[in-house]
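Engineer: Starting off with a structure, shown below.
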Amino acid sequence: MIARAESGQARENMSEFDAAEIAHDIGELYEPLAEEKGMTLRVEAAAPAPLRGNRELISQALANLVDNSIKYAVPRDTSNGEPAQIVVRALSEGDRIFITVADSGPGIPEADRGRVVERFVRLEQSRSQPGLGLGLSLASAVARLHGGELTLADNQPGLKSVIALPRGGPVQIAG
């Protein structure tokens, strides 16, 4: 799937869809798993976020980000004893769509954020969890396919992963 995204082959399956709807679908899919791990998962996507892209790939990229948050977030906030929260957002701002997953986990040190989007890279603290180190690299490849980017930031505490995409879909590159 990463190779298809990186080569641009997935551009043939572009269509119009609502990123907010995808956020709700992924939230509904992962909410029971989050609850089972003692976390709450909330979706904030009230307004439509119209997008042109490959719905399947964007859904998979978002699912990977949510799955990572569930794996690595701390189940309880130690400062107040409340269940950890994972927040999924989709919003339209100007000519861009932002799909965000924010959690209260350990985050990723700033020095490692560029490396973790490479294939098969796993940080030392994640080696005890199942996975191959492909989730973030797929999310990054999907964002690039659509003319956007994946950014990883500090959520204080935790990680905030943001897929920023142009509303109109991928930029056509003249060859």
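Engineer: Assess whether Thr78 counts as being open to solvent by 10 Å² or more (accessible area, probe 1.4 Å), at pLDDT below 90 and outside any helix (DSSP H, G or I).
Structural biologist: Numbers: open to solvent by 10 Å² or more (accessible area, probe 1.4 Å): yes; at pLDDT below 90: yes; outside any helix (DSSP H, G or I): yes.
For Thr78, the condition - open to solvent by 10 Å² or more (accessible area, probe 1.4 Å), at pLDDT below 90 and outside any helix (DSSP H, G or I) - is met.
Engineer: Can you confirm whether the stretch 26-48 contains a residue that is open to solvent by less than 60 Å² (accessible area, probe 1.4 Å) and under 11 Å from the mean Cα position of the chain (by Cα)?
Structural biologist: Yes, that holds for at least one residue.
Engineer: The conditions are (1) modelled with pLDDT under 90; (2) out of contact with any Asp or Glu (no Cβ under 6 Å at 6 or more places or on another chain), and Ala47 fails exactly one of them. Which is it?
Structural biologist: Condition not satisfied by Ala47: (1).
Engineer: Within the stretch 144-163, can you find the residues that are open to solvent by less than 30 Å² (accessible area, probe 1.4 Å), more than 16 Å from Asn54 (Cβ to Cβ) and hydrophobic (A, V, I, L, M, F, W, C)?
Structural biologist: Leu152, Leu159, Val162
Engineer: Going residue by residue through the stretch 120-139, is there one that turns out to be acidic (Asp, Glu), open to solvent by 50 Å² or more (accessible area, probe 1.4 Å) and at pLDDT 70 or above?
Structural biologist: Initially, the stretch 120-139 is screened for residues acidic (Asp, Glu), giving 124.
Still in the running and open to solvent by 50 Å² or more (accessible area, probe 1.4 Å): 124.
With the extra rule that they be at pLDDT 70 or above, the set shrinks to none.
Within the stretch 120-139 (the criterion being acidic (Asp, Glu), open to solvent by 50 Å² or more (accessible area, probe 1.4 Å) and at pLDDT 70 or above), the answer is no, since none of the residues qualifies.
Engineer: Against the condition touching a helix residue (DSSP H, G or I) at 6+ places or on another chain (Cβ under 8 Å) and modelled with pLDDT of 95 or more, how does Ile70 come out, does it pass?
Structural biologist: Working: touching a helix residue (DSSP H, G or I) at 6+ places or on another chain (Cβ under 8 Å): yes; modelled with pLDDT of 95 or more: no.
Judged against the criteria, Ile70 is not a match.
The values are calculated or read from the model by the stated rules, or taken from the named source; none is laboratory data. No experiment lies behind these values; they were computed from the predicted model shown. Counting neighbours? That spans all protein chains shown, and the Cβs are built from the backbone with ideal geometry, glycine included. Areas reflect the complete protein model, heavy atoms only, side chains present, ligands, DNA and RNA absent. Shrake-Rupley method; radii C 1.70, N 1.55, O 1.52, S 1.80 Å.
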